[in-house]
Amino acid sequence: MSILTYIPIRDSLSFVSARPLQEKPSRGHKKRARTYDQLIAAGVQVFAERGEALTISDVVAKANVSNGTFYNYFDDRDELIDALSEHSLASLAGEAALQTAEADPALRFAFATLRVLTRATEDPTWGHAILRLTDHRRSFTREVNRYLREDLASGFERGRFEFGPDAITLDAITGLITMTIRRMLRGDAGPGDVEPVVERTLTMLGISKHEATTLVADAVVERDRCPGPLGLAADGRS
């Protein structure tokens, strides 16, 4: 799976909490889950705006909860930011893996990359948060690259890609996707640029232009067949 596509989403995989809830689901359990979602959604918005300058006070004000409530879910701001990493990014790969588990690795790569860029055009707050995490959280970047290496290795071993997970290929792929998201957020690129960028990532890996076009068309069909959020939306939807 490609950059920015790798964290389990609550809707399609398990709900990952900073403090896993072990009790049988109940009204209280559901309330805790909703509050957790509120904090994550608020964290995404504040982090997109302020980056590492994010404070707990900013987040609880945005979520309309008390400081004490915050500490029921997270030990400190760093634990919150770690949770934002999981819910805003690495889960996208989890969904892509489930929906195309048996697919050709080239199609899986195209699908995952298409979903990420589509999300960035639809949810700029999410896009800003992703870029800030990429810029400021080395652990986040390492996790993204770990999954990308696995995808590239799979495609290379099966003869679908000409290049494996070497440093140059990783930099080329992640650089193109990241810079495309930056251009989208500046207003220099839009939805019409998503498919050409995905095609270009495939040709960079050695796929012919004709086949890349076909793979992207198939990925679009798969994306439209499985619509839905790719993670927690900035407004708190999940």
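The values are calculated or read from the model by the stated rules, or taken from the named source; none is laboratory data. Every value quoted in this text rests on a predicted model; they were computed, and no experiment measured them. FYI the Cβ positions are ideal-geometry reconstructions off the backbone, even for glycines, and counts take in every protein chain you see.
Would you check if L170 is within 18 Å of the chain's Cα centre (by Cα) and touching a residue at least 40 places away in the same chain (Cβ under 8 Å)?
In short, no.
The residues of region 184-220 that are under 16 Å from D123 (Cα atoms) and either in contact with a Gly (Cβ under 9 Å, 6 or more places away or on another chain) or acidic (D, E) (or both), listed by number, are M184, L185, D188, D193. Here is the figure for region 199-213: residues that are part of a helix (DSSP H, G or I) and touching a helix residue (DSSP H, G or I) at 6+ places or on another chain (Cβ under 7 Å) total 9. In the set (1) in a loop (DSSP other than H, G, I, E, B); (2) modelled with pLDDT of 90 or more, G192 fails one condition alone, (1). Could you tell me whether region 21-29 includes any residue that is assigned to a loop (DSSP other than H, G, I, E, B), under 23 Å from the mean Cα position of the chain (by Cα), of a type outside the set (D, E, K, R) and at pLDDT below 90? Scanning region 21-29 turns up no residue that is assigned to a loop (DSSP other than H, G, I, E, B), under 23 Å from the mean Cα position of the chain (by Cα), of a type outside the set (D, E, K, R) and at pLDDT below 90.
The residues on offer are A18, A96, and the sole one that is modelled with pLDDT under 85 and in a loop (DSSP other than H, G, I, E, B) is A18.
Restricting the first member to region 96-121 and to residues that are under 12 Å from Y147 (Cβ atoms) and charged (D, E, K, R), and the second to residues that are part of a helix (DSSP H, G or I) and at pLDDT below 90, the beta-carbon pairs closer than 8 Å and six or more apart or on different chains are R108/A96; R108/A97; R108/D151.
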